[in-house]
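Presented below is the structure to which this report refers.
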Amino acid sequence: PFIRTEACPRRDNTRMASTTNPEDEALLKESASWPLDRRISHSNWRVRSAAFDFVLDQTGAHAATKHALEQNVGLDASTCLVLLASSVGDPNANVMDRALDAFFAYLDALGTILVFVEGRESFDEIFVRAAQVIMKPLSTKCLKASKRTTLVKSIGVCGALVEVDQGMAVMQGLVEGGFSHKVPKAVAAALEAALEIVRGFYGTGEYDQRRM
């Protein structure tokens, strides 16, 4: 079943406290009507951050169906999830956190709908591609971030992906991108993430590593 684990962070809907100049305010107002992919790829970090906040707001609206969730965000579920997955390596530390929040929230909402509304007993290719895309930036960029909150959010995303049957992709990503990272703290973070997954999903006793 799709159940939130302790490794997964609670949704954080707070906004970054910052002052904006008139030019930025005008740009933010204008960009609010743009397609989500254009907003997320914009050079202005405030526009990107606002785009992720938009996703958080729409997933927080508790859409009752997959179709409603897609309408809220303006993209089909697979496209949106992969778009968010590819964005978690944002060069701005604060926006990186918002991107992780947005991906987790969308994955959480979509997984809940598929299990409890549509009665799915297994997860389809919607999550396969997203897991493959997100693990590279997550393991090579997010895990070396200086903020502890980024590591916590990253581990939460890994846990949420394991819940939707993407444990193999998660562990492979941690091994390939994290364990071999040139930055020691990124290696330590990848080990911590792997340990949290083992503890959260397999317990602290003996487990069958073939299930990973």
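The values are calculated or read from the model by the stated rules, or taken from the named source; none is laboratory data. What you are looking at is a predicted structure, and each value in this text was computed from that prediction instead of being measured. Cβ sites come from the backbone with ideal geometry, for glycine too, and all protein chains shown count toward neighbours. When the accessible area is computed, the model is the full protein with side chains, heavy atoms only, and any ligands, DNA or RNA have been set aside. Shrake-Rupley method; radii C 1.70, N 1.55, O 1.52, S 1.80 Å.
For R120, the residues 5 or more places off, or on other chains, whose built amide H falls under 5 Å of its own are V115. For the peptides 160-170, 187-197, residues were scored by their other Cβ atoms within 10 Å and the scores averaged per peptide; the highest-first order is 160-170, 187-197.
Going by accessible area, probe 1.4 Å, with all protein chains left in place, what is the ranking of R120, R46, largest first?
Output order, biggest surface exposure first: R120, R46.
Take segment 17-167 with all the other protein chains still there, run a 1.4 Å probe, and you get 43 Å² of accessible area per residue. Taking every protein chain into account, the 1.4 Å probe leaves S86 with about 70 Å² of accessible area, to the nearest ten.
May I ask you to give the percent of accessible area on segment 70-212 that is carbon plus sulfur, with a probe radius of 1.4 Å?
On the way: 3340 of 6420 Å².
Here carbon and sulfur together make up 52 percent of the probe-accessible area.
Which of the pairs K136/K182; K147/K182; K136/K185; K66/K147; K66/K144 have their Cα atoms more than 24 Å apart in this structure? Correct reply: K66/K147; K66/K144. Under 12 Å from the Cα of K141, which aspartates and glutamates turn up, not counting those fewer than eight places away in the same chain? Answer for K141, where 12 Å is the Cα cut-off: D90, D97, listed by chain and number.
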